[in-house]
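Engineer: Questions regarding the structure given below will be posed in turn.
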Amino acid sequence: MAVELWPNSRLTLLEAPALGVPLVATAVGNLPALIQPGVTGRLAAPTVGSLAQTIRCAWQDPHRLDVGAAGRTAPAARRDYDAIGDGAAGGAAGMDRNSTPRPGGRSLTLAWLKRLVERHPALRFALFPIRLKIALSYYIPAVGAVARWLVRSREHTNFTYDYSPASLEYLAHGLALVTGCPVGALRAYLAEPTENVELNRTVRERAEASDRRAVIDRDVRLGRQRIWYALARALKPARVVEAGVGPGLAAVVLAEALLKNAGEGNAGEYLGIDRDPRAGALLGPRQRSVARIIRGESVSTLGGLGQPVDLFITDSHVSPDLEYAECRAIGPWLTDRAVVGTTVTTRLPAFAEETGRVFLGFKEEPRDHWYPGGWVGLAFRPPLGIVAR
């Protein structure tokens with residue numbers, strides 16, 4: 001059934017006869033040219049009463065299936081779009097002058113304009129406004145997000161944002177492959193940080209007391225930090241190492257994961273490496289019970305670590321070359337079950353291949369933020385067995 005109150009044509013109406021389905025349509029525009037009354041379908045006046053009566057008659061017609069079968073001879077049944085276009089054009093040319101006009105006086109439909117351009121490439125410029133509208137629809141929403149961010153946020157680097165619900169669901173399944181942990185458990189781990197009252201309180205209070213408070217937001221938004229947290233909860237690592245600590249949001253999140261693990265009988269420690277003496281400012285006394293910061297250059301410090309590492313993270317958006325050098329430096333200390341997580345990722349696939357690991361990339365989808373999201377890369381050796389669901 002095709003219901004129009006002004007001239008238009010629908011591809012569904014053109015193709016439905018191929019299925020042998022009888023049609024009911026309103027007699028406006030070029031639709032009468034596409035239906036043979038009593039042969040391929042029925043036409044109704046563009047009123048509710050007429051349409052209802054026509055539908056009733058079509059349904060009660062004992063020969064309605066024969067009417068539908070006749071439609072198989074229509075051009076649409078042959079998927080002959082040139083024939084469809086020619087038929088529609090002929091119908092439009094012979095259309096009664098008193099047919100209902102399209103609002104605004106435009107008799108050419110968008111579908112017909114597209115068809116015209118397809119057949120006459122020189123007219124492609126006629127579609128520029130339509131194409132521009134389509135393209136801008138992907139970017140205009142970001143303008144409002146930029147305005148809100150300028151007013152509400154203090155950040156100029158290390159942007160924080162939440163993930164969309166879809167991203168979190170994809171993450172749960174992806175991290176299940178990385179860790180061998182059930183998807184349901186990963187969903188719970190990804191949700192835990194936002195429900196952790198102590199974590200959120202510490203970040204807000206320490207951010208306000210920090211000498212960086214002018215550029216750190218008090219609202220706690222966790223994107224990739226949720227990934228690190230979920231990995232720490234699933235792997236139960238004895239040692240987590242992060243290269244590039246910054247203010248320490250990831251450090252706080254990882255420390256809370258380790259504290260949660262310790263409460264379940266799986267103790268672990270966090271080591272953060274950074275040159276900046278202010279690094280880790282967000283860490284409170286509670287988190288420092290399982291976390292400490294090592295001041296120094298990352299590559300040399302990682303190379304001389306001398307301790308096994310179950311989870312290594314470099315989350316400071318450094319250059320690909322430095323990220324690769326950091327991974328190479330810590331390589332000898334990674335355990336067989338260790339997972340490496342990075343935020344640049346362009347060199348991580350090579351490191352994974354060199355060390356007998358596999359690479360998995362995840363594209364972030366921030367929620368209500370102008371930033372389009374970056375890539376998070378993971379290198380790991382697949383756990384044995386099948387992931388439980």
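Engineer: Quick check on the stretch 164-310: what are the equivalent-ellipsoid semi-axes from the Cα gyration tensor, as sqrt(5λ), descending, whole Å? If you can, show how the numbers build up before the last one.
Structural biologist: Working: eigenvalues 111, 79, 38 Å².
Largest first, the stretch 164-310 gives 24, 20, 14 Å.
Engineer: Taking amide hydrogens as modeled 1.01 Å from N in the peptide plane, which residues meet the under 5 Å criterion relative to VAL24, leaving out close sequence neighbours?
Structural biologist: Here the answer is ALA2, ARG42, since their amide H atoms fall under 5 Å of that of VAL24.
Engineer: Stretch VAL151-VAL39 to full length: gain in nm at 0.36 nm per residue minus the Cα-Cα span?
Structural biologist: Details: separation 112, 0.36 × 112 = 40.32 nm, distance 6.43 nm.
Additional length available on full extension: 33.9 nm.
Engineer: Which order do the peptides 220-229, 180-189, 252-261 come out in when sorted by mean C-beta neighbours inside 10 angstrom, highest first?
Structural biologist: Working: 220-229: 23.5, 180-189: 18.1, 252-261: 26.0.
Most protected by this proxy first, the peptides run 252-261, 220-229, 180-189.
Engineer: So which lysines can LYS260 reach, going by Cα to Cα under 24 Å and dropping same-chain residues fewer than 8 places off?
Structural biologist: Here the lysines satisfying the reach criterion relative to LYS260 are LYS236.
Where a number appears in this text, it was derived from the coordinates with a stated rule and is not lab data. On a predicted model such as this, the values are computed, not experimentally measured, just so you know. Every residue, glycine as well, gets a Cβ built from its backbone with ideal geometry; the counts of neighbours run over all protein chains shown.
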